Amino acid sequence: MRVALLGTGTMGAGMARNLLSAGHELHAWNRTRERAEPLAADGAVVHDTPAEALGGADVLVTMLADGEAVAAAVDGLSLDGVPWAQMSTVAVAETRALAARALGTFVDAPVLGSKPGAEAGELIVLASGRPDVRARLAPVFDAVGARTIDVGDEPGAGTRMKLVLNHWVIALVEGLAETVLLAEALELEPQAFLDIIDGGPMGPPYAKLKGANMVARSYEPNFSLKLAHKDAGLIAAAAEAAGIDVPLARLVRERMGMAIEAGYGEDDFSATVEAGRP
């Protein structure tokens, strides 16, 4: 298929290369063109505007930082009849607004995974939307993901599930950060704590992965702290709109904000541990 991809950042670049490897014709656009240019060597056509990328496309994929960026990218585009996989993580209300623009061809399809998963084509796609449109987008999902989960026919269900799953992840990482800080304060090696829980019911693999970052104070960005902070805000807003309180999400967002102010915004979100370090 001829695929228009808007957004070739940390996640989008890996997705782009997997779409090309699967044999699709890729037309890419990014807000900062320099980040899209390396894809030309892999066979992509890089465009200056979203409209140029979309021209003649069989399907549209958006993978941008937030809902505002997605809305700006598709502003003025004619989306009638073009299946649109909106794979960015955005607010629930933003998803509804974007779906209303697409005249029935919108599929809400945020992904689980970070940079390595995007590069390896091992993302999990949370797809919701009309079954016939999802079927037309299946080759895209197969190229970028290891698994596609049917979250239902209603656009927005995928986004809501993504926020639920992200709540679990950010809560886990913040709990891990505070545990590492506690070990340090009690003059223990935090690596010893990680070794004790490794492989047992108390030690999910994600704790080992992110805990290693915290111990080494090395935060190569797989999922940036800045974007995790944004998602924590989306979670809190969705909970409030649903009539429940999620104080943990608000606390995590506050701690992440402190680490961002300390200069770690572009680093991996495991750098939230730095909010508690002198």
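For Glu187, the conditions (1) touching a Pro at 6+ places or on another chain (Cβ under 6 Å); (2) exposed (fewer than 15 other Cβ atoms within 10 Å of the Cβ) are fulfilled apart from (1).
Within the range 195-212, the residues that satisfy the criterion of being in a helix (DSSP H, G or I) and aliphatic (A, V, I, L, M) are Ile196, Ile197, Ala207, Leu209, Ala212.
When Ala143, Ala135, Ala99, Ala127 are checked against the criterion of being of a type outside the set (Phe, Trp, Tyr), free of Cβ contacts under 8 Å to residues at least 12 places away in the same chain and closer than 19 Å to Val59 by Cα, a single residue qualifies: Ala135. The condition (being assigned by TED's automatic domain parsing to the domain that holds Val61 and either over 16 Å from the mean Cα position of the chain (by Cα) or more than 29 Å from Gly104 (Cβ to Cβ) (or both)) is satisfied by just one residue among Asp142, Asp198: Asp142.
Quick check, is Val46 more than 22 Å from His229 (Cα to Cα) and either modelled with pLDDT under 95 or not assigned by TED's automatic domain parsing to the domain that holds Lys210 (or both)? So Val46 passes the test. For the range 105-148, the tally of residues that are part of a loop (DSSP other than H, G, I, E, B) and either under 17 Å from Thr159 (Cα atoms) or in contact with a Phe, Trp or Tyr (Cβ under 6 Å, 6 or more places away or on another chain) (or both) stands at 7. Pick from the range 1-49 the residues that are assigned to a helix (DSSP H, G or I), hydrophobic (A, V, I, L, M, F, W, C) and touching a residue at least 12 places away in the same chain (Cβ under 8 Å): which of them is surrounded by the most Cβ atoms within 10 Å (Cβ to Cβ)? Checking each candidate, the answer is Ala16.
Just to verify a result, which residue in the range 78-104, among those that are in contact with a strand residue (DSSP E or B) (Cβ under 8 Å, 6 or more places away or on another chain) and assigned to a loop (DSSP other than H, G, I, E, B), is surrounded by the fewest Cβ atoms within 10 Å (Cβ to Cβ)? Filtering first and then ranking leaves Leu79.
Selection within the range 204-254: residues that are closer than 20 Å to Glu178 by Cβ and of a type in the set (Asp, Glu). The member of this set that is surrounded by the fewest Cβ atoms within 10 Å (Cβ to Cβ) is Glu254. Cβ-Cβ distances below 8 Å connect no pair with a first residue in the range 239-252 that is closer than 22 Å to Val173 by Cβ, a second residue that is surrounded by fewer than 16 Cβ atoms within 10 Å (Cβ to Cβ) and aliphatic (A, V, I, L, M), and a separation of six or more residues or different chains.
The values are calculated or read from the model by the stated rules, or taken from the named source; none is laboratory data. No experiment lies behind these values; they were computed from the predicted model shown. Neighbour counts run over all protein chains shown; Cβ positions are idealised from the backbone, glycine included.
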